[in-house]
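All remarks here apply to the structure that follows.
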Amino acid sequence: MVYLDFIQSIRQRQHNLVKINKNNKEVSIVYGDDNSINVNVFNNKILMELAGTFDSNLKELEKISGSKIYFRGNSIAIKGDKYANETVKNAIEYLIERFKLDKKIDRNDIVASLNKDIVGDMKNHSSVQSLEEVIKTPKKSVIPRTKKQKEYVKALKSSQIIMSLGPAGTGKTYLAVAAALSMLLDKKVERIILSRPAVEAGERLGFLPGDMKEKIDPYLRPLYDSLYDLLDYEKIQRKIEAGEIEIAPLAFMRGRTLKNSFAILDEAQNASQMQIKMFLTRIGENSKIVVNGDPSQIDLPNKNQSGLIESQNILKDIKEISIVNFDHRDVVRHPLVTKIVQAYQKNTNDKG
């Protein structure tokens, strides 16, 4: 009798501990009495990509989360603080969904998986993304990770003029460059124009040697980095030489009309209201214009000269212009970036 009671208690315990995700038959979650969580993955392709080369993905999760992660067979055991364990479990579920959509997992996905706002947004939808929200490029599929990023990608595909404001790490530039490159390769536009105000970030760099391209390249390096991440270096160089990709300082845009183009003004917080107006009024037939900026990182000697927020307020009632405001919840870099952004925002609010 005692033995039967024991067996019954074991069965009941197993029933209580095992939770099968109804949307994902390849995974079972087992909760232990010591707050540990076992994630059992029955699809070997998913399991190998989830773990990463030499278990690099799981090691990164362990490093950032503070939980201990043990990988053996088809089981990933998570041990540590109850809340941290649940966060890692949610991160693993998120990464599995990412893999199903894009057939790979990169480091940005690892970082994003530990952002409770991003993962929470995923859990509130039946699928991570619809195909309309994915930007296809030769090297990778670029997938929005937050609700605001989805809104931004939708605007990039449907609106003629898009303004995005928000802190560093929210994907403003990267997503815009990805959308531009995708349209260029699909021959929906004939060229991409990337521009920034040539304003030094608080330092005096003095005289820069070389021709005009060499002088302005340091200011435009983030745009190059985004391009090279999405298309091979040699192909990017060929397109630059052919004029299909043009990189120019904002001052060189005056007097031009942009036709069949996708133009991006980055770091627009360092442009005046009149400069932003000048850039927006360059739009011509079959063209898109994107204006990106972070109002908290103005490098102008007189911060009141920045026209980004004022331009947003002036243009907000024009229905053809989409305006997207990001915040710290949309940061998809290292989780520490979110904390830094929040800390500076709190300091600004306290002073205000």
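No lab work stands behind these numbers, since they all come straight from the coordinates. Keep in mind the model is a prediction, meaning the values are calculated, not measured. Quick reminder, even Gly has a Cβ in these numbers, built from the backbone with ideal geometry, and neighbours come from all protein chains shown.
Remark: spin-label model distance Lys139-Lys303 equals 3.4 nm, labels positioned 7 Å along the Cα→Cβ axis.
From the cross-link list Lys140/Lys172; Lys187/Lys235; Lys154/Lys277; Lys172/Lys339; Lys154/Lys319, which pairs have alpha carbons spaced over 21 Å apart? From the list (Lys140/Lys172; Lys187/Lys235; Lys154/Lys277; Lys172/Lys339; Lys154/Lys319), the Cα-Cα distance tops 21 Å for Lys154/Lys277. When you restrict to C-alpha pairs under 8 Å that are six or more residues apart and normalise by the size of segment 230-321, the relative contact order lands at 28 percent. Mean separation of Cα pairs under 8 Å and 6 or more residues apart, divided by the residue count, gives segment 131-351 a relative contact order of 30 percent.
For segment 293-303, the Karplus equation 6.51 cos²θ - 1.76 cosθ + 1.60, evaluated at θ = phi - 60°, returns couplings of x, 10, x, 8, 10, 7, 9, 5, x, 10, 4 Hz by residue, with Gly and Pro reported as x. Anisotropy class assigned to segment 213-352 is oblate, per the alpha carbon gyration tensor with a/c at or over the 1.5 cut-off and a/b no larger than b/c.
For the pair Lys63 and Lys235 in one chain, pulling the backbone fully straight at 0.36 nm per residue adds 58.3 nm over the alpha carbon distance.
Restricting attention to segment 131-351, close to 5% of DSSP beta bridges with both partner residues there are antiparallel.
The modelled label-to-label distance for the pair Gln342/Lys319, using points 7 Å beyond Cα in the direction of Cβ, is 3.9 nm. Note on Asp350/Ser296: beta-carbon distance plugged into 1/(1 + (r/R0)^6) with R0 of 22 Å gives a FRET efficiency of 0.95. Amide H contacts of Ser159: none lie under 5 Å away among residues 5 or more positions distant or on a separate chain (H built 1.01 Å from N in the peptide plane; Pro and chain starts excluded). Ile69 sits among other residues whose Cβ lies under 12 Å from its own Cβ, and their net charge, with Lys and Arg +1 and Asp and Glu -1, is +3.
Annotation: amide H-H contacts under 5 Å for Glu267 (H modelled 1.01 Å from N, sequence separation of 5 or more, or interchain): Asn292.
Residues whose amide H lies under 5 Å from that of Thr170, counting only those 5 or more places away or on a different chain, are Val332; hydrogens are built 1.01 Å from N in the peptide plane.
Using a simple spin-label model with pseudo-atoms 7 Å out from Cα toward Cβ, Asp81 and Tyr228 lie 3.8 nm apart. Restricting segment 227-334 to trypsin sites (Lys or Arg not before Pro) that sit in a DSSP loop and have at most 11 other Cβ atoms within 10 Å of their own Cβ leaves Arg254, Lys316, Lys319.
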